[in-house]
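A.B. asks: The structure is given below, and queries will be raised subsequently.
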Amino acid sequence: EKGPYPHYMLKEIDEQPSVIRNVVSKYQDRNGEIAIDSNIREAMKGSDRIYIIGCGTSFHAGLVGKQLLEKMADVPVEVHVASEFLYNRPILSGKPLFIMISQSGETADSRGVLVEIKKLGYRALTITNVAGSTLSREADYTLLTHAGPEIAVASTKAYTAQLAVLTILAYDCAKAKGMDIGFDPVGELSLAANAMEIMINRKEKMEEIVWSYLSATRNCFFIGRSVDYFVCLEGALKLKEISYIQAEGFAGGELKHGTIALIEEGTPVVALLTQASIAGNIRSNVQEVMARGASVCMISMEGLEESSDRLVIPKVHEYLAPLVSVIPLQLIAYYAALFRGCDVDKPRNLAKSVTVE
Ligand code: F6R
């Protein structure tokens, strides 16, 4: 039930820190160590390449998951949009393992891929929020996201729970390979949950941002590099689906290859910066769009901020930055939809689970 909340979406945004803490506790063994099902560990170890499949927000979680798996565990990963996979099937590696990411576990596009790859004799792991869902039953293995029912059409807590499970999977995989990665998943995820809470408690600031950048606009751009780019894709999807503002996420480096032509006086650009390695580059992209009149809302992580930045998010491990940086973007979408009088929980033309291809 919504309780005191005006919308499920706001309730689900607020639940995220406790969802992350819950995910951690569900994947801790008796000694408090992170551990996943040994069959899944073996399947991961026995594969030479992971193929992540998802749609919409779950696809965006997959993009972040690829980075986590590659950086932490040195496993090659490809991420594919489910609906495209069947036409453009990649040349598969010798021992592929498929990871289906789906909040509902019922998405027809994702199921289409699962059915096809099972016919080919490959194994699949489903990461889902719904135990007993079709994608869970039809896959060989399941990891649950334990986020509790997600009612709002726009996915929020399921996405961050997917990121937490992908972190745990990547960590477990690195450990199983005997790699010493110097990353404490329990400690770092709990710090990230605290940082998420801090962002959630800054709703007034987010309302202000929406007033100043989005009250009258028809469009909005989100720019970032590396993993920030993937979070920008998610922020743009949230904004367009519930506020109907045309929004696009772009890789900072791609702007000059075309998109920058769309920037005019007053165009809102949300820029994200959480990774030290790309700080200089994204700052110069911000200069480029500002020189063309863009009104830039810079969101940076503590330690990388400059005094003119609009919002500073608390410092967390760079692997976990998306868990925290997505919160202001979810809230921007929420308040933009609210101010425009949109039906936040049930946006037009959309269904919670998409069971047609
Ligand atoms: C966006 C959203 C959709 C879903 C997509 C996949 O907020 O909710 O993009 O993420 O339809 O749904 P699942 O994860 O249930 O397969």
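A.B. asks: Given the criterion over 15 Å from residue 247 (Cβ atoms), more than 16 Å from the ligand (Cβ to nearest atom) and of a type in the set (Asp, Glu), identify the matching residue among 288, 357.
C.D. replies: Only one candidate qualifies: 288.
A.B. asks: Only one of these is crowded, with 24+ Cβ neighbours inside 10 Å and within 16 Å of the ligand (Cβ to nearest atom): 169, 237, 189, 163. Name it. Please lay out each step first, then the result.
C.D. replies: Numbers: 169 fails: within 16 Å of the ligand (Cβ to nearest atom); 237 fails: crowded, with 24+ Cβ neighbours inside 10 Å; 189 fails: within 16 Å of the ligand (Cβ to nearest atom).
One residue alone meets the criteria, 163.
A.B. asks: Going through 113, 130 one at a time, which residue ends up being of a type in the set (A, V, I, L, M) and closer than 25 Å to residue 87 by Cβ?
C.D. replies: Answer to the selection: 113.
A.B. asks: Further, regarding this structure: Of the numbered conditions (1) away from the ligand (no atom under 15 Å from the Cβ); (2) of a type in the set (D, E, K, R); (3) over 15 Å from the mean Cα position of the chain (by Cα); (4) open to solvent by 50 Å² or more (accessible area, probe 1.4 Å), residue 111 satisfies every one except a single condition; which is it?
C.D. replies: (1)
A.B. asks: Keeping to the stretch 227-262, report how many residues are touching a strand residue (DSSP E or B) at 6+ places or on another chain (Cβ under 8 Å), modelled with pLDDT under 95 and of a type in the set (A, V, I, L, M).
C.D. replies: Total satisfying the criteria: 2.
A.B. asks: What are the pairs with Cβ atoms under 9 angstrom where one residue, in the stretch 98-112, is on the phi > 0 side of the Ramachandran plot and the other, located anywhere, is at pLDDT 95 or above and among the β-branched types (Val, Ile, Thr)? Sequence gap at least six, or different chains.
C.D. replies: 105/126; 105/128; 105/130; 105/134; 105/142
A.B. asks: Would you be able to tell me the number of residues in the stretch 253-288 that are open to solvent by 60 Å² or more (accessible area, probe 1.4 Å) and not charged (D, E, K, R)?
C.D. replies: Of the residues in the stretch 253-288, 7 are open to solvent by 60 Å² or more (accessible area, probe 1.4 Å) and not charged (D, E, K, R).
A.B. asks: Assuming residue 179 fulfils every condition listed in (1) away from the ligand (no atom under 13 Å from the Cβ); (2) open to solvent by 60 Å² or more (accessible area, probe 1.4 Å); (3) in a helix (DSSP H, G or I); (4) in contact (Cβ under 8 Å) with a residue 12 or more places away in the chain apart from one, which condition is it?
C.D. replies: (3)
The values are calculated or read from the model by the stated rules, or taken from the named source; none is laboratory data. What you are looking at is a predicted structure, and each value in this text was computed from that prediction instead of being measured. Note that each Cβ is placed from the backbone with ideal geometry, even for glycine, and that neighbours are counted across all protein chains shown. Ligands, DNA and RNA are excluded from the accessible area calculation, which covers all protein heavy atoms including side chains. Shrake-Rupley method; radii C 1.70, N 1.55, O 1.52, S 1.80 Å.
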